[in-house]
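Okay, structure first, notes after.
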Ligand SMILES: Nc1nc2c(c(=O)[nH]1)N[C@H]1C(S)=C(S)[C@@H](COP(=O)(O)OP(=O)(O)OC[C@H]3O[C@@H](n4cnc5c(=O)[nH]c(N)nc54)[C@H](O)[C@@H]3O)O[C@H]1N2
Ligand SMILES: Nc1nc2c(c(=O)[nH]1)N[C@H]1C(S)=C(S)[C@@H](COP(=O)(O)OP(=O)(O)OC[C@H]3O[C@@H](n4cnc5c(=O)[nH]c(N)nc54)[C@H](O)[C@@H]3O)O[C@H]1N2
Ligand code: SF4
Ligand SMILES: [Mo]
């Protein structure tokens, strides 16, 4: 295959653990087909439905193809075309004027539209560092679990995903693998065929849960209670690996004492499942070797999410599961890549300045804050790229209020006129993965992938890097790093730690990771041990041992909002991406709320009926589906629709809160109480 060939090698840019290798067929300058590369072992020639339609997205009739300037009130969606020069000159002048007063009044807002190291925080980070803009704390997805894992195992490290195929027991914990980690599911199936038992721990009877041998439908946010009860049983039956605990862990006495407070009966009460299920799972976990845990981020979007990840991450050390390459745990492998972050992002351009940090999760509140000694200057300008905050950030009525500020200068780099782009002063058309270079790590395997552009930029679209280079030039940033092209940035990402020629020739390269990374301990924690007891947490004034922290809004306690709601992704969307791709939206139909018959009946709710889902923060409307996918007391509001494509212009984040997790300053999307009523009932 050569560069001139009509099939071009790329990488999936999305925030999905699998980071697939793509093959794009090009005809007459158009991407006509996207397939999984059969030669890449993790992709194995298979893509999810969404990305199989990537060409439809690239050549979508609604693609933004020219820069736009606002021509109506904020949010009205009225824009007029402008030239790139006009747009960039004006944006540069506005940012310059604000920066002259205080650059911290400028805030970048970006996340996972692309996970690429170049089109993500590559040139953009250099630009904002040089400017001295506020830092953005990128917490919206994973930082509670990441922090929990880091405080316990020492980093985002764990089992190699391929070895799950050899496990004899697999706990799929807080992950709807079929929807969001498809290539792991294939390995789990392989293990199942070899006799492994699959257990799913998830409040929702997900596509994955229904295909496992066992499903523990726990209440949201009760994972730590379950993990502590499992430990209780491991102790009671002495299914412990005393030698491993002695040599490779820290703080066993304290953890033991805490676990002994959690007999299965107590956890059964908290988790809302039969005691016997806990007892049986503990026996299976204590006596099956090798046992592997696929933990995922679904379980950490609650108040105690960081502690819950910590509690689960303690389990493998207790039974010595790490001794075997098919034992242990995987949450994220992203800590295993030797990315040259400083060379990519150039924090040295701050030149000693230390800007304040704003948490992306609380953007709703923070856009509405006035200047104060605590907060610093009011946010005057927002530059959004790779994200759609008006749809995906919690407590959207506040987010909308912030974005609607007439005195806020907002620039949005986008492929489409999203809910967020509707509030922009300038919308700048960005290239898609088909139109630019990039380089990718993964969080569900350990390969680096290169993405080659398959086609020319559509219309007047420009890459994020190109846009930030152009702004840098207009602001007079003349450091040579602002002149580097994308291929140079791709090369910089790993320096000589990766064979770049192999990336060019083959498309990917595997990072060396030991087969069984902690068989002999050697955790990347300060003590080198698996830290049940974390001195670092103690030093922060936090509980050094993992504990169960009940949800802030557990459902069943508030008189007006008795149901707990979780809002995991709909299978055919990727967060808010793809909602505007007609063929995928047609599969999803309408925004749906799954509700158990026991909760639907007393409310007079039937399948297909339009319902109001509401709490103290707001209300959204969607179609009810009375379904055993929901457990009693918990409703599942599948996400994340574009507000303007859902009925009544709202989505599920109307009711979620800006409360943060125990660790990692992360959102609590799945810690949310609501009431549900048929739409007509109000009249
Ligand atoms: N199809 C599809 N794939 C995706 C995405 C998508 O939007 N669509 N998003 C991508 C992104 S950004 C991410 S971060 C990952 C997310 O993927 P995951 O990490 O798997 O997280 P979620 O999909 O949020 O939730 C997974 C499961 O956790 C369950 N869950 C909810 N609350 C709890 C709880 O308290 N405890 C337990 N044990 N389980 C709970 C949910 O019901 C859901 O079935 O997926 C990526 N892949
Ligand atoms: N209620 C609820 N809310 C959630 C979640 C949930 O489970 N429930 N999940 C949360 C999670 S895990 C995450 S990760 C966040 C995700 O939230 P976001 O990071 O905002 O991800 P997307 O919604 O996919 O939006 C990404 C946007 O980036 C754009 N984009 C893609 N590539 C490029 C590019 O190269 N250049 C530019 N300029 N733009 C590009 C896409 O067109 C898209 O509109 O949402 C969170 N919100
Ligand atoms: S979203 Fe995930 S499964 Fe789908 S193509 Fe991308 S990496 Fe593969
Ligand atoms: Mo995410």
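The values are calculated or read from the model by the stated rules, or taken from the named source; none is laboratory data. What you are looking at is a predicted structure, and each value in this text was computed from that prediction instead of being measured. Glycine gets a Cβ as well: all are built from the backbone with ideal geometry, and neighbour counts include every protein chain shown.
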**Message:** For the range 284-294, check the following and say yes or no: at least one residue is within 21 Å of the chain's Cα centre (by Cα) and surrounded by 21 or more Cβ atoms within 10 Å (Cβ to Cβ).
**Reply:** yes
**Message:** Quick check on the range 139-159. Is at least one of its residues over 30 Å from residue 191 (Cβ atoms) and in contact with a helix residue (DSSP H, G or I) (Cβ under 7 Å, 6 or more places away or on another chain)?
**Reply:** yes
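Please pick out the residue among 461, 493, 472 that is under 30 Å from residue 184 (Cβ atoms) and assigned by TED's automatic domain parsing to the domain that holds residue 87.
Details: 461 fails: under 30 Å from residue 184 (Cβ atoms); 472 fails: under 30 Å from residue 184 (Cβ atoms).
Just one listed residue meets the conditions, 493.
Which members of the range 193-209 meet the condition of being touching a residue at least 40 places away in the same chain (Cβ under 8 Å) and within 13 Å of ligand 1 (Cβ to nearest atom)?
Step one: filter the range 193-209 for residues touching a residue at least 40 places away in the same chain (Cβ under 8 Å), giving 197, 199, 201-207.
199, 201, 202, 203, 204, 205, 206, 207, listed by residue number.
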**Asked** Would you pick out the residues in the range 559-575 that are out of contact with any strand residue (DSSP E or B) (no Cβ under 8 Å at 6 or more places or on another chain), part of a loop (DSSP other than H, G, I, E, B) and within 16 Å of ligand 1 (Cβ to nearest atom)?
**Response** 571, 572
**Request:** Sort out which residues of the range 114-138 are within 27 Å of residue 663 (Cβ to Cβ) and more than 10 Å from ligand 2 (Cβ to nearest atom), and write them in order of number.
**Result:** 117, 121, 125, 128, 129, 133, 134, 135, 136, 137
**Asked** For the range 309-336, how many residues are within 16 Å of ligand 2 (Cβ to nearest atom) and buried (at least 24 other Cβ atoms within 10 Å of the Cβ)?
**Response** 2
**Asked** Here are 114, 25, 49: which of them is within 16 Å of ligand 3 (Cβ to nearest atom) and crowded, with 20+ Cβ neighbours inside 10 Å?
**Response** 114
**Message:** Condition check: surrounded by fewer than 19 Cβ atoms within 10 Å (Cβ to Cβ), at pLDDT 95 or above, under 29 Å from residue 362 (Cβ atoms) and more than 16 Å from ligand 4 (Cβ to nearest atom). Does residue 92 satisfy that?
**Reply:** yes
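Could we say that residue 602 is in contact (Cβ under 8 Å) with a residue 40 or more places away in the chain, more than 16 Å from ligand 4 (Cβ to nearest atom) and not assigned by TED's automatic domain parsing to the domain that holds residue 299 here? It would help to see each step written out before you state the result.
Details: in contact (Cβ under 8 Å) with a residue 40 or more places away in the chain: no; more than 16 Å from ligand 4 (Cβ to nearest atom): yes; not assigned by TED's automatic domain parsing to the domain that holds residue 299: yes.
Answer is no for this residue.
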**Asked** Quick one: in the range 557-574, which of the residues that are surrounded by 15 or more Cβ atoms within 10 Å (Cβ to Cβ) and over 15 Å from residue 636 (Cα atoms) is farthest from the chain's Cα centre (by Cα)?
**Response** 558
**Asked** Right, residue 224: outside any loop (DSSP other than H, G, I, E, B), without any contact (Cβ under 8 Å) to a residue 40 or more places away in the chain and touching a helix residue (DSSP H, G or I) at 6+ places or on another chain (Cβ under 9 Å) or not?
**Response** no
**Prompt:** Among the residues of the range 366-406 satisfying the criterion of being within 25 Å of residue 90 (Cβ to Cβ) and within 16 Å of ligand 1 (Cβ to nearest atom), which is surrounded by the most Cβ atoms within 10 Å (Cβ to Cβ)?
**Reply:** 389
**Message:** Being within 16 Å of ligand 1 (Cβ to nearest atom), outside any strand (DSSP E or B) and in contact with a strand residue (DSSP E or B) (Cβ under 8 Å, 6 or more places away or on another chain) is the filter here; which residues of the range 577-610 pass it?
**Reply:** 589, 591, 596
**Residues of the range 639-650 satisfying the condition of being closer than 18 Å to residue 679 by Cβ and surrounded by fewer than 24 Cβ atoms within 10 Å (Cβ to Cβ)** = 646, 647, 648, 649, 650
**Request:** Have a look at 530, 490 and point out the one that is at pLDDT 95 or above and in contact with a helix residue (DSSP H, G or I) (Cβ under 6 Å, 6 or more places away or on another chain).
**Result:** 530
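Answer yes or no as to whether residue 428 is over 30 Å from residue 244 (Cα atoms), buried (at least 23 other Cβ atoms within 10 Å of the Cβ) and within 23 Å of the chain's Cα centre (by Cα).
Details: over 30 Å from residue 244 (Cα atoms): yes; buried (at least 23 other Cβ atoms within 10 Å of the Cβ): yes; within 23 Å of the chain's Cα centre (by Cα): no.
Answer is no for this residue.
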**Request:** From the list 246, 233, pick out the single residue that is part of a helix (DSSP H, G or I) and either modelled with pLDDT under 95 or farther than 27 Å from residue 175 by Cα (or both).
**Result:** 246
